[in-house]
Amino acid sequence: MQKKYDHASIEKKWQKKWDDAGLYVADIEKAESPFYNLWMFPYPSAEGLHAGHAFASTGSDIYGRYMRMTGRDVFQPIGYDSFGIHSENYAIKINENPQSVVKRTTKHYEEQMRSLGHGYDWTRTVTTSDPDYYRWTQWLFVKMFEAGLAYKKKATVNFCPSCKTVLADEQVIDGKCERCGTIVEKKDLDQWFFKITDYADRLLTGLGKIDWSQRVISAQRNWIGKSEGRTIEFQVEGTGRKIKVFTTRPETLNSATFLAVASSEGKDVKEKWGKFTGKYAINPINGDKLPIWETNYVDSSYGTGAIMGVPAYDERDREFAGKYYIDIVEKPFTKEILGEKTIHYHLRDWLVSRQRYWGAPIPMIDCPKDGWVTVPEKDLPILLPTISDYKPEGAGRGPLANHKDFFEVKCPKCGCMAKRETDVMDTFVDSSWYFLAYPNVGTKEWKSVPSAGSGQAFFDEKIMKAWLPVNLYFGGAEHSVLHLMYSRFVTMVLHDLKYLDFDEPFPKFFAHGLMIKDGAKMSKSRGNVVNPDEYVEKFGADALRIYLAFMGPMDSSPDFRDSGMEGASRFLGKVWRLFNEEPEHPTSPRLRGVGNTAVSSKLHQTIKKVTKDIEGYKFNTAISSLMELVNVMNEYKVSSTKYLETLALLLAPFAPHLSEEVWVEILGRPFSIHKANWPKYDDSLIRSDTVEIVVQVNGKMRGTLSLESGIGNRESEVTQLAKDDEKVAKWLEGKKIIKIIFVPGKIINFVIS
RNA sequence: GCCGAGGUGGCGAAAUGGUAUACGCAAGGGCCUUAAGAGCCCUCGAGUGCAUAACUCAUGCGGGUCCGAGUCCCGCCCUCGGCACCA
């Protein structure tokens with residue numbers, strides 16, 4: 001008799017039991033062996049979770065479940081990055097207030113994530129658009145300002161004409177808005193910045209002590225863009241003026257033949273363009289007269305906005321000199337290095353103002369007497385008012401600027417009439433600290449209102465010590481220079497302000513790949529977005545999880561295919577039958593403790609392999625070895641209770657529902673498998689009684705010997721047996737053996753002339 | 001141009017310097033079934049070959065080290081990601 005696995009009812013049943021039992025609720029206060037397992041929280045889009053989310057979150061969940069079974073107290077929280085342009089644009093499109101849209105979309109996300117069977121602690125979630133949350137986002141801004149790390153300044157900034165707001169440098173990709181792809185414009189506007197450049201060097205050196213992939217490290221390093229050199233001064237002939245240039249090659253100063261300064265003219269010219277100013281500068285090392293040119297290939301915002309032209313050693317200078325018939329002189333490097341040591345960075349300060357509605361209001365007040373004054377901490381949060389005219393206007397100010405009742409306030413210092421800032425914060429400020437919030441949600445510190453100058457924050461000190469920094473951060477590499485850099489910066493600042501005793505938030509970050517469909521990135525406009533719901537419904541969450549994890553390594557970009565999905569479902573069907581089939585022979589009954597050395601050896605090999613693979617995030621090979629084990633168990637038609645228990649345990653992180661079902665209902669073990677101990681392997685059982693020795697002649701395989709493992713380790717016996725082997729003898733006949741290479745238990749190689 | 005990651009069957013992919021192509025998908029053939037579904041069994045890198053015999057050739061290209069190279073070294077080509085008239 002064989003009942004079919006009814007994934008729908010079984011999965012629902014266990015999800016409810018897990019929830020009722022609070023299986024995944026971490027004991028934040030008393031945990032002895034905390035493991036903070038974090039997946040980047042999603043922004044709740046209207047379309048809901050797509051297969052890419054399912055892929056990434058499943059990877060994170062597999063690891064968390066494994067850690068829980070090794071005895072760690074796993075805290076695996078989830079939340080919503082619900083403030084920001086993404087959510088707001090959709091609300092505008094359907095003409096509904098963002099508040100109510102977010103309520104709906106977050107609910108939908110929760111349902112979807114629950115249906116995937118992830119082990120989240122639903123008692124500690126955060127939603128960045130909740131006043132309880134953004135009070136502390138505003139508190140962070142206040143701390144930044146107090147520390148001199150937030151300032152307002154008129155600057156030439158990137159402006160997206162479609163989103164009608166300014167953007168940070170990091171949010172402009174190839175000259176386009178990171179959000180909507182519109183080409184950004186340059187505008188001179190008065191904006192709030194965070195002084196991330198003060199931390200450029202620490203952001204760079206910190207990369208040395210964290211365990212991240214090269215790809216992400218190198219992206220951050222490139223973005224920070226440290227460049228060391230000298231600033232050299234040139235006298236302008238006949239005037240008292242000087243021109244400073246920045247160079248990384250001060251030893252080539254001898255060969256400089258011109259000076260080039262940035263010019264706003266020629267900006268639209270694609271090739272190198274220049275105009276002689278009629279003036280000359282004096283080379284400080286040899287007194288040469290150098291013509292000063294205005295050019296379009298020098299960037300006014302980098303270095304000093306001027307360079308020395310050394311066409312002999314610099315390709316760009318050579319191209320320019322060639323075009324305008326400037327001398328090209330090659331002299332030996334000078335040993336006399338002039339100028340002051342200087343370091344320049346590509347990194348710019350983080351522009352955090354947004355001329356939008358759906359964000360945390362910036363807690364600053366502009367007083368005619370006192371200048372910019374912070375909102376007192378006790379007055380936080382500054383609530384975002386519910387308004388109907390929330391569409392962005394694009395005149396360099398946000399919708400809140402139309403609401404007198406919002407911005408007309410008294411100065412907290414002197415009491416005179418003042419004006420509140422009407423821009424809101426970049427959504428990346430919200431997400432720059434959310435991982436600090438989770439474990440503190442619900443504590444009295446989290447809910448409290450800090451009093452002025454108390455130095456109080458939302459953290460419970462003991463909790464922070466126990467749970468942070470994050471043990472494992474799972475997320476997409478697309479955030480390499482956005483969220484990950486901002487979070488590191490904010491953590492460093494809070495560390496320096498003595499709020500945190502660590503300065504790297506994510507010592508271990510695993511960057512998963514981007515899931516694609518039909519060879520292309522999933523996107524609504526392409527119409528190739530895969531919704532996991534239909535697969536959960538048709539095959540079950542376990543099958544979907546197995547498929548997602550089996551497609552390829554977690555850091556590759558797998559292509560979603562339905563046929564692979566069916567393979568995963570087939571595998572689980574096989575597992576299910578293994579636990580349910582009636583014995584084929586009375587002498588080898590299932591569930592009755594009959595063992596077999598071949599199966600036993602395979603079982604222990606599999607424990608070893610799956611353990612190692614999970615720890616290395618190689619879920620695809622972990623699953624393939626489980627498939628092999630199941631095939632072997634099927635082949636030998638023996639599977640004792642002990643074997644089946646171990647199989648269920650090994651499968652638990654990947655297929656949590658099915659393994660719970662067989663664990664409790666068939667094997668009769670106590671609820672829950674997810675709190676059971678991860679199996680241990682025995683090396684002595686892995687070794688089998690026989691070994692296969694490969695026989696090579698001049699490195700080419702000519703035969704194999706199946707030997708008792710004892711014999712397979714002894715060179716003289718193996719040599720004799722190999723020579724006696726008919727197939728091998730044929731190759732050795734009449735040849736002189738020069739050398740024999742023997743690897744015990746593995747290989748013997750005859751080197752012949 | 002600089003930095004990083006890669007290139008293996010029809011496809012996703014696997015291989016501590018030691019039997020390349022595990023595991024899975026697709027495909028073909030068979031069994032079971034009234035039928036469908038689900039299952040089960042067999043074949044499946046290319047070539048010569050009656051062959052489940054044997055051999056040759058295959059891990060982007062060209063060299064090298066080694067008894068032995070997908071793996072290590074040198075030189076190229078290509079793909080992907082990051083930075084970029086950054087001085």
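The values are calculated or read from the model by the stated rules, or taken from the named source; none is laboratory data. What you are looking at is a predicted structure, and each value in this text was computed from that prediction instead of being measured. Every residue, glycine as well, gets a Cβ built from its backbone with ideal geometry; the counts of neighbours run over all protein chains shown. The accessibility values were calculated without ligands, DNA or RNA, using every heavy atom of the protein model including side chains. Shrake-Rupley method; radii C 1.70, N 1.55, O 1.52, S 1.80 Å.
The set of residues in region A:328-348 that are loosely packed, with under 13 Cβ neighbours inside 10 Å and under 19 Å from A:ILE282 (Cβ atoms) comprises A:GLU336, A:GLU340. Taken over region A:609-624, residues that are near RNA strand B (Cβ under 10 Å from one of its atoms) and open to solvent by 10 Å² or more (accessible area, probe 1.4 Å) amount to 7. Considering region A:477-564, the qualifying helices (runs of 4 or more DSSP H), each wholly inside and each with 3 or more residues that are farther than 24 Å from A:ASN37 by Cβ and either within 16 Å of RNA strand B (Cβ to nearest atom) or open to solvent by 10 Å² or more (accessible area, probe 1.4 Å) (or both), run over A:532-539. Residues in region A:167-179 that are assigned to a loop (DSSP other than H, G, I, E, B) and open to solvent by 20 Å² or more (accessible area, probe 1.4 Å) were compared, and the one that is nearest to RNA strand B (Cβ to nearest atom) is A:ASP174. Every test in (1) at positive phi; (2) open to solvent by 70 Å² or more (accessible area, probe 1.4 Å); (3) more than 15 Å from RNA strand B (Cβ to nearest atom); (4) not hydrophobic (A, V, I, L, M, F, W, C) is passed by A:ASP724 save one, and that test is (1). Here A:TYR357 meets each of (1) among the hydroxyl-bearing types (Ser, Thr, Tyr); (2) within 8 Å of RNA strand B (Cβ to nearest atom); (3) under 30 Å from A:GLY84 (Cα atoms) with one exception, condition (2). The C-beta contact set for region A:151-166 (first residue over 11 Å from A:ARG354 (Cα atoms), second residue aromatic (Phe, Trp, Tyr), distance under 7 angstrom, 6+ apart or interchain) comprises A:TYR151/A:PHE193; A:LYS152/A:TRP192; A:LYS152/A:TRP372; A:LYS153/A:PHE193. From A:THR125, A:THR182, A:THR197, A:THR137, grab the single residue that is β-branched (Val, Ile, Thr), closer than 18 Å to A:HIS483 by Cα and more than 16 Å from RNA strand B (Cβ to nearest atom). Of A:THR125, A:THR182, A:THR197, A:THR137, the one residue that is β-branched (Val, Ile, Thr), closer than 18 Å to A:HIS483 by Cα and more than 16 Å from RNA strand B (Cβ to nearest atom) is A:THR137. Can you name the residue in region A:201-220 that is among the basic types (Lys, Arg) and surrounded by fewer than 15 Cβ atoms within 10 Å (Cβ to Cβ) and, of all such residues, is nearest to RNA strand B (Cβ to nearest atom)? By that ranking, first place goes to A:ARG215.
Right, A:ASP460: modelled with pLDDT of 95 or more, closer than 30 Å to A:VAL375 by Cα and among the acidic types (Asp, Glu) or not? For A:ASP460, the condition - modelled with pLDDT of 95 or more, closer than 30 Å to A:VAL375 by Cα and among the acidic types (Asp, Glu) - is not met.
Considering region A:397-426, and only residues there that are of a type in the set (Gly, Ala, Ser) and buried (at least 22 other Cβ atoms within 10 Å of the Cβ), the residue that is nearest to the chain's Cα centre (by Cα) turns out to be A:GLY398. Annotation for region A:29-48: no member residue is open to solvent by less than 10 Å² (accessible area, probe 1.4 Å), at pLDDT below 95 and assigned to a helix (DSSP H, G or I).
Evaluating A:MET67 against the criteria (1) surrounded by fewer than 24 Cβ atoms within 10 Å (Cβ to Cβ); (2) out of contact with any strand residue (DSSP E or B) (no Cβ under 6 Å at 6 or more places or on another chain); (3) under 30 Å from A:PRO653 (Cα atoms) leaves one unmet condition, (2). Being β-branched (Val, Ile, Thr), buried (at least 17 other Cβ atoms within 10 Å of the Cβ), over 22 Å from A:LEU629 (Cβ atoms) and under 49 Å from the mean Cα position of the chain (by Cα): is that true of A:ILE748 here? For A:ILE748, the condition - β-branched (Val, Ile, Thr), buried (at least 17 other Cβ atoms within 10 Å of the Cβ), over 22 Å from A:LEU629 (Cβ atoms) and under 49 Å from the mean Cα position of the chain (by Cα) - is met.
The test for being of a type in the set (Asp, Glu) and either more than 26 Å from A:SER432 (Cβ to Cβ) or within 16 Å of RNA strand B (Cβ to nearest atom) (or both) does not hold for A:ASP190.
Take the residues in region A:83-126 that are among the aliphatic types (A, V, I, L, M) and in contact (Cβ under 8 Å) with a residue 60 or more places away in the chain, then tell me which one is farthest from A:LYS164 (Cα to Cα).
Let us first name the residues in region A:83-126 that are among the aliphatic types (A, V, I, L, M), namely A:85, A:91-92, A:94, A:101-102, A:113, A:116, A:126.
With the extra rule that they be in contact (Cβ under 8 Å) with a residue 60 or more places away in the chain, the set shrinks to A:85, A:91-92, A:113, A:116, A:126.
On the way: A:ILE85: 10, A:ALA91: 16, A:ILE92: 13, A:MET113: 33, A:LEU116: 37, A:VAL126: 28 Å.
Across region A:83-126, the extreme among qualifying residues is A:LEU116.
Can you spot a residue in region A:131-144 that is of a type outside the set (Phe, Trp, Tyr), touching a Phe, Trp or Tyr at 6+ places or on another chain (Cβ under 9 Å) and within 18 Å of A:GLY396 (Cβ to Cβ)? Checked region A:131-144: no residue is of a type outside the set (Phe, Trp, Tyr), touching a Phe, Trp or Tyr at 6+ places or on another chain (Cβ under 9 Å) and within 18 Å of A:GLY396 (Cβ to Cβ).
Going by the structure shown, is A:SER659 open to solvent by less than 20 Å² (accessible area, probe 1.4 Å), among the hydroxyl-bearing types (Ser, Thr, Tyr), over 16 Å from A:ILE623 (Cα atoms) and in contact with a helix residue (DSSP H, G or I) (Cβ under 9 Å, 6 or more places away or on another chain)? Answer is no for this residue. Within region A:577-600, the set of residues being open to solvent by less than 80 Å² (accessible area, probe 1.4 Å), at pLDDT 80 or above and near RNA strand B (Cβ under 10 Å from one of its atoms) comprises just one member, A:LEU578.
Scanning region A:334-393 for residues that are under 29 Å from the mean Cα position of the chain (by Cα), basic (Lys, Arg) and over 21 Å from A:TYR134 (Cα atoms) yields a single hit, A:ARG348.
For region A:392-407, residues that are acidic (Asp, Glu) and in contact with a Lys or Arg (Cβ under 7 Å, 6 or more places away or on another chain) total 1.
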